[in-house]
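Notes for the one structure printed next.
The values are calculated or read from the model by the stated rules, or taken from the named source; none is laboratory data. Keep in mind that what you see is a predicted model, and the values were worked out from it rather than measured. Glycine gets a Cβ as well: all are built from the backbone with ideal geometry, and neighbour counts include every protein chain shown. Heavy atoms of the whole protein, side chains included, go into the accessibility calculation; ligands, DNA and RNA do not. Shrake-Rupley method; radii C 1.70, N 1.55, O 1.52, S 1.80 Å.
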Amino acid sequence: MRMFDRIYAILELNELSVVGGISMSLQFILGRSGSGKTSLILDRVTSKLREQPMGPPLIILTPEQGTFQIEQRIATAPGLHGTVRTQVLGFRRLALRVMQETGGAALVPIDDEGKKMLLYKLMRRRKDELKLFGHGGDQLGLIDRIAGLYTEMKKYNVDFSALQEHYHLLEQIEGESPLLKDKMHDLSLLFAEYDEELSRLYIDNEDHVVKLAQGASESAYLRGAEIWIDGFHTFTPQEYTAILALLKSAASVTVSLTLDRVYNDGNQPHELNLFYTPASAFVKLSRLAAEEGIEVLPPELLEARPFPRFRESETLSYLESAYERRSPWPKSEPPKDLEKALSLHRAAGRRAEVEGAAREMVRLAREEGVRWRDMALLVRNLGDYEELLAPTMVAYGIPYFLDQKTSMLYHPMIEFIRAALDVVLGFWRYEDVFRCVKSEFLLPLDGSLTREHMDVLENYALASGIQGYRWFDGRPWKSAPSLSLEQEDQTSASTKAMEQLQLLERCRAAVAGPLTAFEKEIRKAKNAENMCAAVYHLLERVEAAQRLDVLAHQMVREGKPRQAMEHRQLWGAVLDVLDQIVEMMGDEPLELELFAGVLETGLKELKVSLVPPSLDQVLIGSTERTRSGQVKHLFLLGINEGIMPAN
């Protein structure tokens, strides 16, 4: 199968798989990058579907971001009359499927936003007891790092009670850094309460893997299933436990790993070896299966060259084989397809890199008839290029899909909610009121008031010093002082001033009406649930859901399907944040300031992940996360020493 017509820098792709075997057995499919491991798995799955469309489940376990492409390849395979027998899942979705059978589905799921909101509340509650982090609860970066540390420790089965023991041990050591002692004290205090709060009613992504391991033996769905695991570099301790449980329950489990040889002797390569990580996974899985008396079938090693991915390119085939050795080309003549297969370029900076890649994409599309879907652009870290990629692609008229979760922090509806809370907390400051106005969520949907009318209101508020109670005291506003130096007819000036005052009162009602009702409701609220209801009622008053639908349709008409999907997902995402606050602290009395901080923490961390909204577009992503699929032209940017491979 031909995959690349041309590549614009050096690339090493990693993949991993698990393929079918015999009951209570483990088998490995091994091979270097491009050797056809994933294709072999899909061929076996589709052949089983053709032979027996309604047999036992065929499960492909793959990272969440890779499920869409695998499902697409199965659905487009020729000769299939149905795929109901096949499921392409990540560990989390497989766990949910098992929990529906074995119990635990009633637990309340909590995502990263919910965990950070809970952590914010705990840090505010324990503010006086925290030695190092007491004054950092309002810093989003700190909460993000602490939540990340908690998740990492949970993935690797760290006992949180051991933190307290380490803290007491540090106290007994003279000369130890007081900074380390204070940090250990705060982490032990926070994580003990944090873990206790989460374990009562909630389940997070890490708990899903634990539930999968616990419920696999009781699941009728897994009994008799054939499982393939594909696309992983390594596994966490929790995932190893889950795989072992699957080995004991399923009819067969096959794992594919990117390896250059079989490590049957149990000796792992040096830690600097390119294949050290998957080799460690191979050795550990083999040992776990042997300890449980599960048969480990002879691995399938795909080593016949040329590999399927590079069959038509001598250059790329050699680059893959010599990537870790840095050995020179052995022949006197360069590969025949060198100029066609590989192109190296120097650029003065990142902007020059991006623009150069965009120009070449346009040339390929115009002169060679290459489809956008046959091109991909990858970088090591998307954050370094994100501000350049989107505007450049738009400027060159290139349809693209950015493969990353999109932050919704600066979406107009999120800004409206945050500004409305600041209006109440700041007693109607000018800046907060007009943050709400400029989000355009206070404009009537019928168009009777426009942004230009609100600009007139803003000028009047500035000229007349309108803020605080003057927005809602019920007294009519007076004419604004004239700023014109020209003489006007008294009658026409009076008529114009009257019309302007009427317009201003309409604008005032549009702004003050929803916000005043919101302030009254949220100040009367006795607990977090009532406060969340006040926010929801505010969004209902301004018809936020209908407004998002209008924005989505507008984006579709303008040929921007990605932005349309973001608008459509946001309403549900915001309601999920409010639901999680109610689930975690619904009956708990909260001060308005603390509630605003909790909600803002959730909104700041709100991200939506999208599937490609169109089939014909350039894929943009990172080398570590993105699955590039069967593209023919790959652009790699920023291939500098220390970046790829990383130091």
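Of note:
- Accessible surface of the stretch 511-647, 1.4 Å probe, proportion on carbon and sulfur as whole %: 48 percent
- Solvent-accessible surface of the stretch 501-627, taken per residue with a 1.4 Å probe and all protein chains present: 44 Å².
- Shape class for the stretch 302-407, computed from the alpha carbon gyration tensor (a ≥ b ≥ c): prolate, with a/c not under 1.5 and a/b above b/c.
- On Cα atoms only, tilt of 350-367 relative to the major axis of the chain in degrees: 70 degrees
- Residue pairs exceeding 32 angstrom between C-alpha atoms, taken from 438/607; 340/607; 48/340: 340/607; 48/340.
- Between the stretch 43-90 and the stretch 526-572, the Cα center-to-center distance that results, in Å: 35 Å
- Of the GluC sites (Glu not before Pro) in the stretch 569-647, those whose Cβ has at most 14 other Cβ within 10 Å and which sit in DSSP loop: 591, 624, 641
- Only aspartates and glutamates eight or more places from residue 331 in sequence, or on another chain, were considered; those with a Cα closer than 18 Å are 314, 320, 339.
- Taking Kirkwood radius over Cα pairs in Å as calculated from this structure, the corresponding entry among [x] 27.0; [y] 28.9; [z] 28.2 is [y].
- Within the chain, DSSP assigns beta bridges of which about 10% are antiparallel (rounded to the nearest 5).
- For residue 271 and residue 477, the FRET efficiency from 1/(1 + (r/R0)^6), where r spans their Cβ atoms and R0 equals 60 Å, is about 0.25.
- Cut-off under 5 Å, modelled amide H: who pairs with residue 31 long-range: 257, 259, 302
- Remark: the stretch 287-415 carries 60 Å² of accessible area per residue (probe radius 1.4 Å; ligands, DNA and RNA excluded).
- Here the accessible area is traced with a 1.4 Å probe on the protein chains. For the stretch 150-199, carbon and sulfur cover 53 percent of it.
- Rounded accessible area per residue of the stretch 148-242, 1.4 Å, Å²: 47 Å²
- Label separation (residue 550 vs residue 144): 3.3 nm, computed from points 7 Å beyond Cα along the C-beta direction.
- Percent accessible area from carbon and sulfur atoms, the stretch 301-387, protein chains only, probe 1.4 Å: 47 percent
- Residue-averaged 222 nm ellipticity for the chain, from DSSP H runs of 4+ at -39500 (n - 2.57), nearest 500: -16500 deg cm²/dmol
- Rounded, prolate or oblate (a/c below 1.5 giving rounded, otherwise prolate when a/b exceeds b/c) for the stretch 196-252 by Cα gyration tensor: oblate
- For the peptides 53-64, 386-397, the ranking by packing is 53-64, 386-397, with the highest mean count of neighbouring Cβ atoms within 10 Å listed first.
- Length gained on full extension, residue 132 to residue 174: 13.2 nm, using 0.36 nm per residue less the C-alpha separation.
- Three-way shape call for the stretch 416-561 based on the alpha-carbon gyration tensor, with the a/c threshold at 1.5: oblate
- Angle in degrees between helix 37-51 and the longest Cα principal axis of the chain, rounded to the nearest 10: 90 degrees
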